[in-house]
Amino acid sequence: MTSQHPPLAVAMVGHAFMGAAHSQAWRSAPRFFDLPLDPVMALVCGRDAGRAADAATRLGWAASESDWRRVVTREDIDLVDICTPGDSHAEIAVAALEAGKHVLCEKPLANTVAEAEEMAAAAERAAAHGVRTMVGFTYRRVPAVALARQLVAAGRIGELRHVRAQYLQDWIADPEAPLTWRLDKERAGSGALGDIGAHVIDLAQHIAGDRILEVSGQLDTFVKERPLLAAGGVGLSGTAAAERGPVTVDDAAAFVARFAGGALGVFEATRFATGRKNAIRVELNGSRGSLAFDFEDMNVLTFYDAEEPAETAGFRRILVTEAAHPYVAAWWPPGHGLGYEHAFTHQVVDLVRALGAGVDPDPTFADGLQVQRVLAAVETSSDTRRWQEIPA
Ligand code: SOE
């Protein structure tokens, strides 16, 4: 089958959890959606040549590479998709942008505000040549979340008073869970705050159509040492003291926030909410009503219309699987539901459509920088025990 559209040659760097999710998205987006460009899964890159070659076969990439530096300067690559841990985002993204490649980068944008500023500046320079950037705040592309944003923008909940956002996981609640790179500040930048708190900061601001002005927060690390990972990536059992290493990031973060429009925000991000696997909960209360979303029931958006008569008013469960709902028409008949991976497909769709139209996709690196500033402000607030303003 030959495509009618110009090709978009993609190189993906990193092929673990996020790499697998992105690969699935690059594979499925052109098959379910009409795109202005035809994504070509040109190559996947990973430090270990053998594992990268295996990932290419497994995930559907035409070729593999072991040095990202050779990848970002290749003439035949149009877009670089960064799925590595945060400590390499800035270096790869800046090099790719300087070589004139569009960049999709996993969240959080970087490990520090300084790196995020450098990336946003490189993005701005590259934008003068029509080069575009996007940050992988994927959950924006869950249909129920996209619908929530539309309802807020249409004034259906009126003037916003409260934003309540939580991202709850429990995968390290066991103190014997091993010390992965996500628990190492050098590699991950921060812990629950940056990994999952970044998602709810972005989601809350995106749905509210507003931005956080100031925060007051606290971080905690409940388990300060953990078993080291064995060479094969498996946790060592029966570990002695010497086989343990320090956890250098937060296990949990909690903060309150003030939005520019005046709403009060309450946020929580934790990897210790026993029993909660990937509960992303966002609730907004406004003068005319409320909206609530929980990723563990991701095809549903709950809506309360405060203007309905008291006798029949109540939260109603909207099953967001109708063709009239964002993204859904491309998929299955009503009621058949979407999953985690579909949001990644929608991310590719929105990115490729923006590239085809010659406009910026959202969120751009500038948006990623703003989230990074909120993350940094929460950390500083936890250290200083004072409110912190987010620079504009
Ligand atoms: C791990 O905590 C993680 O994979 C995050 O890094 C992702 O962004 C989130 O979608 C699921 O949890």
Inset, instruction - Have a look at the chain and give its Rg and Dmax from the Cα atoms, expressed in angstrom. - result: 21.1, 66
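Length gain on complete extension for the stretch Asp297 to Ala329, per 0.36 nm per residue less the alpha carbon to alpha carbon distance?
Values: separation 32, 0.36 × 32 = 11.52 nm, distance 1.97 nm.
That works out to 9.6 nm of additional length.
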Inset, instruction - Would you work out the relative contact order for the chain, in percent, from Cα pairs under 8 angstrom that are 6 or more residues apart? - result: 20 percent
Legend entry - Highest average packing first - 222-229, 366-373, Cβ atoms within 10 Å: 366-373, 222-229
Inset, instruction - Run down the lysines and flag those whose C-alpha is under 27 Å from the C-alpha of Lys224, throwing out any fewer than 8 positions away in its chain. - result: Lys107, Lys185, Lys277
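Net charge near Ala90: determine it from the other residues with C-beta under 9 Å of the C-beta of Ala90, scoring Lys and Arg +1 and Asp and Glu -1.
-4
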Legend entry - Computed [θ] at 222 nm, deg cm²/dmol, the chain (DSSP H ≥ 4; -39,500 (n - 2.57); rounded to nearest 500): -9500 deg cm²/dmol
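Tally Lys/Arg at +1 and Asp/Glu at -1 over every other residue whose Cβ is under 14 Å from the Cβ of Ser216; what's the total? Show your work: numbers first, answer last.
Numbers: positive: Arg258, Arg385, Arg386; negative: Glu214, Glu268, Glu379, Asp383, Glu389.
That works out to -2.
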Legend entry - In order through the range 260-267: 3J(HN,Hα) via Karplus (6.51 cos²θ - 1.76 cosθ + 1.60), integer Hz, x for Gly, Pro: 4, x, x, 5, 8, x, 10, 10
Legend entry - Histogram of C-alpha separations across the range 7-138, 5 Å bin width, %: 2, 12, 22, 24, 21, 13, 5, 1
Legend entry - Of all accessible heavy-atom area on the range 7-138, the percent that carbon and sulfur account for (1.4 Å): 50 percent
Inset, instruction - Send over a whole-number figure in Å² for the accessible area per residue of the chain, probe 1.4 Å. - result: 43 Å²
Inset, instruction - With a point put 7 Å past each Cα toward its Cβ, work out how far Leu264 is from Gln4 in nm, to one decimal. - result: 5.5 nm
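Looking at the range 1-57, which trypsin sites (Lys or Arg not before Pro) are in a loop (DSSP not H, G, I, E or B) and have at most 15 other Cβ atoms within 10 Å?
Answer in residue order: Arg47.
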Inset, instruction - Just the number, please: carbon plus sulfur as a percent of the accessible area of the range 248-392, 1.4 Å probe, no ligands or DNA/RNA counted. - result: 51 percent
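So which DSSP H runs in the chain come out at 18 Å plus along the axis (Cα) with average Kyte-Doolittle of at least -1.0? Show your work: numbers first, answer last.
On the way: long enough: 17-32 (23 Å, -0.34); 113-127 (20 Å, 0.13); 340-357 (27 Å, 0.26); 365-384 (28 Å, 0.15).
Flagged H segments are 17-32, 113-127, 340-357, 365-384.
The values are calculated or read from the model by the stated rules, or taken from the named source; none is laboratory data. Source: prediction; values computed, not measured. In this analysis, Cβ positions are derived from the backbone assuming ideal geometry, glycine residues included, and neighbour counts consider all displayed protein chains. Please note that ligands, DNA and RNA were not included when accessible areas were found on the heavy atoms of the full protein model with its side chains. Shrake-Rupley method; radii C 1.70, N 1.55, O 1.52, S 1.80 Å.
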